[in-house]
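Read the structure below first, then the notes.
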Amino acid sequence: MNRRTTLKNLLAGAAGAALLGNATSCESPAVEAGAVAAEPAGYGLRFPHEIKHDARIAADNFFTDAEKTDLGILADIIAPGTETEPKATDTGVVDFFEFMALDLPDYYQGILRGGLGWLNIEAGRRFERYFADLTPAERIEIIDDIAYPEDAEGTEFEAGAAFFDRVRYLTLTGYFTSKEGIKTLDYQGNSPNVWDGVPQEVLDKHDLAYDPKYLPLYVDQSKRDIQAEWDDDMNLIT
């Protein structure tokens, strides 16, 4: 099994477990009956409580710089990248951690901050240094003890394993929902095709017509039978 297949399987398993836990432990906040008028914002219509929620997250911070450093180290251990694929921190995963901690504080803040504290206590106990100051081999020695929750169950590493499992889920979710991460999957969905425009009979019915100068730009019938092709870097060739 190659690395990409392994990561896909990890993502599928972690996503299922985390979503199950999320469904049983988190509920969406109640919305007042009067807060139903949508307002245009961003890419579409947003309700007032959603706009307020997004503004709060954009203006707030949760993790300290030291905590972000530790999260970035962990994320790059989970998704280290290759010569042709980015490592986790190159895809904005740490920002994703911050967003999720602010968006679902009850589900993420306690376990992530507590887990980072546990990680540094364990680093100090074993090596008398903070986790960020350890060598790669020393970090892996700790990670090996918390990488698999089923192996750590009932041991002194159970809490650390639960923390690392949450970090792994967030890392892989953030990675494979980023532009760079999707590119590594060779994902071809949602690609545009030729659009014929509004049918002529509909235009005639409403006494409308396209401006002729825009037709070659947006509706090019000559390309109808051309199959899209991409280069090795997933840039559209034709």
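The values are calculated or read from the model by the stated rules, or taken from the named source; none is laboratory data. No experiment lies behind these values; they were computed from the predicted model shown. Cβ sites come from the backbone with ideal geometry, for glycine too, and all protein chains shown count toward neighbours. Note: accessible area is taken over every heavy atom of the protein model, side chains too, but ligands, DNA and RNA are not part of it. Shrake-Rupley method; radii C 1.70, N 1.55, O 1.52, S 1.80 Å.
Structural remarks
- Protection-proxy order for peptides 101-114, 166-179, each taking the mean of Cβ atoms within 10 Å per residue, highest first: 166-179, 101-114
- Alpha-carbon Debye profile of region 37-175, log10 I(q)/I(0) at 0.09, 0.18 Å⁻¹: -0.32, -1.03
- Principal semi-axes of the equivalent ellipsoid, √(5λ) from the alpha carbon gyration tensor of region 120-208, are 54, 15, 11 Å from largest down.
- Accessible area, probe 1.4 Å, largest first, for residues 100, 234: 234, 100
- Nonlocal amide H pairs with residue 230, under 5 Å, H built at 1.01 Å: 237
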